[in-house]
Protein chains: 2
Amino acid sequence: MTTIDFSSFVDDLAAASGRAILPFFRTALGIDDKSGPGGAMSFDPVTEADRAAERTMRQMIRDAFPDHGIVGEEFGHQAARSDYTWVLDPIDGTKAFITGMLHWGTLIGLMRAGRPVFGTMHQPFTAERFTGDGAGAWYRGPHGERPLAVRPCRNLAEASLMTTSPSLFPPAGLARFRAVEQAARLTRYGGDCYAYCMVASGQVDLVIEAGLKPHDVVALVPIIEGAGGIITGWDGGPAARGGAVIAAGDMRVHQQALTLLNAANDEG
Amino acid sequence: MTTIDFSSFVDDLAAASGRAILPFFRTALGIDDKSGPGGAMSFDPVTEADRAAERTMRQMIRDAFPDHGIVGEEFGHQAARSDYTWVLDPIDGTKAFITGMLHWGTLIGLMRAGRPVFGTMHQPFTAERFTGDGAGAWYRGPHGERPLAVRPCRNLAEASLMTTSPSLFPPAGLARFRAVEQAARLTRYGGDCYAYCMVASGQVDLVIEAGLKPHDVVALVPIIEGAGGIITGWDGGPAARGGAVIAAGDMRVHQQALTLLNAANDEG
């Protein structure tokens with residue numbers, strides 16, 4: 001079986017997706033609410049941009065690789081007749097998107113025989129692209145190109161930690177997250193997919209989240225691993241399943257955080 | 001007394017400041033810690049970029065307007081021998097900066113007789129500039145230029161709310177902030193100066209913070225007001241003093257949030 005180079009095809013997907021999304025960014029168009037009226041907790045925005053971008057990418061994949069499977073946030077699952085399945089999240093960070101902020105992106109992941117083998121995070125507004133294949137990872141942005149590499153960090157006490165929002169943890173998970181937060185040097189909220197790319201860039205040491213879907217994380221696995229980092233579930237199992245996920249640039253910090261996340265004296 | 005057009009001079013300041021800052025962004029250079037070793041609470045990062053940019057801007061101001069005053073985050077206060085004082089924060093959002101994230105910027109404010117009259121927020125990495133003079137406000141970015149205008153929002157229940165981090169409130173302030181958060185439609189953390197610019201852009205309805213310094217807020221006042229919004233202290237007084245600040249796109253949301261922030265049954 002030959003190895004296919006998907007990188008230029010994924011570049012085309014990202015570019016087409018970006019063209020579909022950008023007309024909706026920072027405009028009054030395209031705001032939707034899947035969950036209907038409700039309080040802050042039930043607010044689940046999704047935009048026309050999301051749907052337009054996923055429709056575009058699905059069509060391009062069907063045309064190029066008709067036997068590949070496709071899993072997307074908006075339009076569900078198309079079964080594979082081969083080893084390959086694409087996992088798409090046109091706008092990861094929809095709340096960042098609808099508030100005009102910059103930490104959102106398009107996630108394009110490729111699974112082979114159930115394992116993530118290629119991934120891209122594309123931010124079309126800032127023209128930034130983070131790409132990885134598990135063995136290497138690369139960045140392209142408005143100020144140039146460079147390889148991505150995590151940074152060493154010996155101790156959690158020296159680590160910078162990110163999570164999208166503490167409100168996204170269930171109560172027991174929040175107590176465990178707080179234990180890690182108290183041990184870390186610095187915590188920042190907000191970020192979605194962008195935070196994981198900062199781990200791959202050697203700018204952040206740790207991202208801890210819960211309640212993720214596979215499409216939130218599959219594309220990020222080959223980027224983190226390609227940059228020399230580690231990404232797993234809180235149980236140490238594969239991150240690609242989604243759920244509770246931890247990404248670290250340094251194995252030692254990953255291990256120290258896992259110990260706290262799985263401590264026996266659960267306060268939740 | 002003639003009115004001086006400061007906008008092209010401020011453009012020059014922003015450009016020079018950006019050239020001083022960018023070499024330090026997403027590199028291992030320039031990380032400093034004013035507060036020495038300590039836990040997450042005492043971590044107060046400041047970079048070489050901060051100092052280099054402020055030094056550059058101070059020199060340019062002294063050369064062009066030797067009798068103007070200057071207040072900067074890094075190098076203190078130079079008294080004015082005229083009505084004008086510049087208020088500079090080279091990197092607002094230093095924690096965002098050192099984690100490689102995008103929501104930081106250079107704040108350049110100008111006070112006349114104690115009142116903010118001109119302000120710019122410049123993000124040199126994304127090449128975005130938000131500018132206002134209290135009567136109007138403008139955006140320039142990689143995808144074009146446009147005037148800035150707030151959006152209407154009748155009720156807090158429909159409002160999107162931002163704050164940099166709930167950990168930045170003192171306990172009593174946090175309880176009051178939580179009351180507003182529970183009433184709002186959507187809350188996002190992270191943002192620093194960028195969040196205020198999203199109020200001016202009509203993307204966010206409300207920003208509530210505490211513990212600000214004048215250099216964190218002076219430049220933002222003419223942008224918010226120029227876009228049709230309102231920015232005050234929690235007591236309704238001038239925001240330019242710093243401290244506890246609230247910015248809103250719509251007067252009605254501002255009033256409803258102020259009522260909750262000043263409720264008699266203080267839980268803190």
Between chains B and A, total accessible area buried, probe 1.4 Å, no ligands or nucleic acids, nearest 100 Å², roughly 3500 Å²
Per GNM of chain B with C-alpha springs under 10 angstrom, the most fluctuating residue out of B:199, B:253, B:207 is B:253
Taking the label point 7 Å from Cα along the Cα-Cβ vector, the copy-to-copy distances for residue A:182, listed from shortest in nm with one decimal, are 2.4
Taking the label point 7 Å from Cα along the Cα-Cβ vector, the copy-to-copy distances for residue A:11, listed from shortest in nm with one decimal, are 3.4
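Please state, rounded to one decimal and in Å, the Kirkwood hydrodynamic radius that the stretch A:125-185 gives when every pair of distinct Cα atoms enters the mean of 1/r.
Working: mean 1/r = 0.0689 Å⁻¹.
Over the stretch A:125-185, the inverse of the mean reciprocal pair distance is 14.5 Å.
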Shape descriptors of the stretch B:180-268 over alpha-carbon atoms, Rg and Dmax in angstrom, are 12.1, 36
Copies of residue A:238 compared via label points 7 Å along Cα→Cβ give distances in nm, shortest first, of 6.2
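Take peptide A:182-195, look around each residue's Cβ out to 10 angstrom, count Cβ atoms belonging to other protein chains, and average those counts. Each step should come with its number before you reach the end.
Details: counts 3, 2, 3, 7, 8, 6, 11, 9, 11, 6, 0, 0, 4, 4.
Across the residues of A:182-195, the mean count of other-chain Cβ atoms within 10 Å is 5.
Over all distinct Cα pairs, what is the inverse of the mean 1/r for the protein assembly as shown, reported as the Kirkwood hydrodynamic radius in Å? Don't skip to the end; give the middle numbers.
Values: mean 1/r = 0.0420 Å⁻¹.
Its Kirkwood hydrodynamic radius stands at 23.8 Å.
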Per residue convex hull volume, Cα only, chain A, in Å³ is 127 Å³
For residue A:115 the rounded accessible area (nearest 10 Å², probe 1.4 Å, non-protein molecules ignored) is 150 Å²
Taking protein heavy atoms only, a 1.4 Å probe, and rounding to whole percent, the accessible area of the protein assembly as shown owed to carbon and sulfur comes out at 54 percent
Summing -39500 (n - 2.57) over every DSSP H run of at least 4 in chain B, dividing by its residue total and rounding to the nearest 500, the 222 nm mean residue ellipticity is -9000 deg cm²/dmol
Comparing each residue of the stretch A:86-102 in the complete protein assembly with the chain by itself (heavy atoms, probe 1.4 Å, ligands and nucleic acids ignored), those losing at least 20 Å² of accessible area are A:95, A:98, A:99, A:101, A:102
Of all C-alpha pairs within the stretch A:114-268, those more than 29 angstrom apart amount in percent to 12 percent
Residues other than residue A:184 with Cβ under 14 Å of its Cβ, Lys/Arg counted +1 and Asp/Glu -1, net out at +3
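What's the Cα-based Rg to Rh of the stretch B:117-158, Rh via Kirkwood?
Details: Rg = 12.8 Å, Rh = 11.8 Å.
Reported Rg/Rh, Kirkwood definition of Rh: 1.09.
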Most packed first (mean Cβ within 10 Å per residue), the peptides A:151-160, A:223-232 order as A:223-232, A:151-160
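The values are calculated or read from the model by the stated rules, or taken from the named source; none is laboratory data. All of these numbers come straight from a predicted model, not from anything done at the bench. Note that each Cβ is placed from the backbone with ideal geometry, even for glycine, and that neighbours are counted across all protein chains shown. Accessible surface is based on the protein model in full, side chains and every heavy atom, while ligands, DNA and RNA are left aside. Shrake-Rupley method; radii C 1.70, N 1.55, O 1.52, S 1.80 Å.
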